[in-house]
Amino acid sequence: MKITCKSTLLPFVGTQFVIETTAENLKWGIYQGQLAEGHAQGIVSWGDGTVETVTDLTRKTHTYPAPGRYTIQLSDDFGTLAVSVNVKTFDYYKVYAPMVREFHTTAENMTSFGNYFLMNGLNLTVLDLRAPNIRVLKADAFKGCAALTGELAFPFVTSLT
C-alpha cells in the first residue's frame, strides 16, 4: 500500500475523509463510529456547510446538495470508525467505500478501525494514518483498495493482525 502524508491538509487534530459524490448518488455515510472513552459527543462537518453534533456515528448518513468532492471532518472525540462492512448487501460496502478518495487522521483519541474499515475502497488513493494511538491494524482493513499500491508503512502501527 502507498502511504501519502499531506501535513497541510490536516490543520487540526482529527480525521478527514475526502469523498466524491455523483448525480446518481448524493448520499454518503459511515457505518460505525464510537466516541472515545470520556467523550460525550463529537462533531461531524460534512463538507458542504452542514455541521452536526453526534453521540455516535452508527449508520450515520448525509445527503449532499450537488455532485462534487467533499471533505468530511470528524473531531478528535472518536475512538473507532468503520465505513464499510463485509456484508455485500449493505450500501456501506457497495456504495460508500468506493466514494472515498482520501483518508487522513492525526486523531489522538483514535485507537482502532473496524475489521473491514475501508473494504472495497476502490478509489482510495491517499491513506494518511498518523493517529499516534493506533498500534494494531487489521490486515484486511483496506482489502479491495486497488488504487493503493506500494509498501505498507504506518508510522505508529506496531503489528498487523
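The values are calculated or read from the model by the stated rules, or taken from the named source; none is laboratory data. Predicted, not measured: the structure shown is a model, and the values here were computed from it. Reconstructed Cβ throughout: ideal geometry from the backbone, glycine too, with neighbour counts over all protein chains shown. Just so you know, the surface numbers come from the protein's heavy atoms only, side chains and all, with ligands and any DNA or RNA stripped out. Shrake-Rupley method; radii C 1.70, N 1.55, O 1.52, S 1.80 Å.
Does residue 124 satisfy the condition of being at pLDDT 85 or above and open to solvent by less than 70 Å² (accessible area, probe 1.4 Å)?
When the stated conditions are applied, residue 124 passes them.
Could you pull out the residue among 92, 70 that is at pLDDT below 85, of a type in the set (Ser, Thr, Tyr) and open to solvent by less than 60 Å² (accessible area, probe 1.4 Å)?
Every option except 92 fails the conditions.
Is one or more of the residues making up the range 128-144 at positive phi and at pLDDT 80 or above?
Among the residues of the range 128-144, at least one is at positive phi and at pLDDT 80 or above, which makes the answer yes.
Return the residue satisfying two criteria in turn: it lies in the range 31-53 and is of a type in the set (A, V, I, L, M, F, W, C) and farther than 14 Å from residue 73 by Cα, and of such residues it is modelled with the highest pLDDT.
Ranking the candidates gives 40 first.
Just give me the residues in the range 145-161 being farther than 14 Å from residue 103 by Cα and either outside any loop (DSSP other than H, G, I, E, B) or modelled with pLDDT of 80 or more (or both), in sequence order.
Across the range 145-161, the qualifying residues are 146, 159, 160.
Out of 35, 26, 118, which single residue is touching a Pro at 6+ places or on another chain (Cβ under 8 Å) and free of Cβ contacts under 8 Å to residues at least 60 places away in the same chain?
Of 35, 26, 118, the one residue that is touching a Pro at 6+ places or on another chain (Cβ under 8 Å) and free of Cβ contacts under 8 Å to residues at least 60 places away in the same chain is 26.
Can you find a residue that is in contact with a strand residue (DSSP E or B) (Cβ under 9 Å, 6 or more places away or on another chain), at pLDDT below 90 and closer than 17 Å to residue 120 by Cα anywhere in the range 12-30?
yes
Looking at the range 14-54, which of its residues are part of a strand (DSSP E or B), of a type in the set (Ser, Thr, Tyr) and either open to solvent by 40 Å² or more (accessible area, probe 1.4 Å) or in contact with a His (Cβ under 9 Å, 6 or more places away or on another chain) (or both)?
15, 53
For residue 83, are the conditions met, namely being open to solvent by 60 Å² or more (accessible area, probe 1.4 Å), at pLDDT below 85 and within 30 Å of residue 23 (Cβ to Cβ)?
Against the criterion (open to solvent by 60 Å² or more (accessible area, probe 1.4 Å), at pLDDT below 85 and within 30 Å of residue 23 (Cβ to Cβ)), residue 83 does not qualify.
If we keep just the residues of the range 99-121 that are small (Gly, Ala, Ser) and out of contact with any helix residue (DSSP H, G or I) (no Cβ under 8 Å at 6 or more places or on another chain), which is modelled with the lowest pLDDT?
That would be 114.
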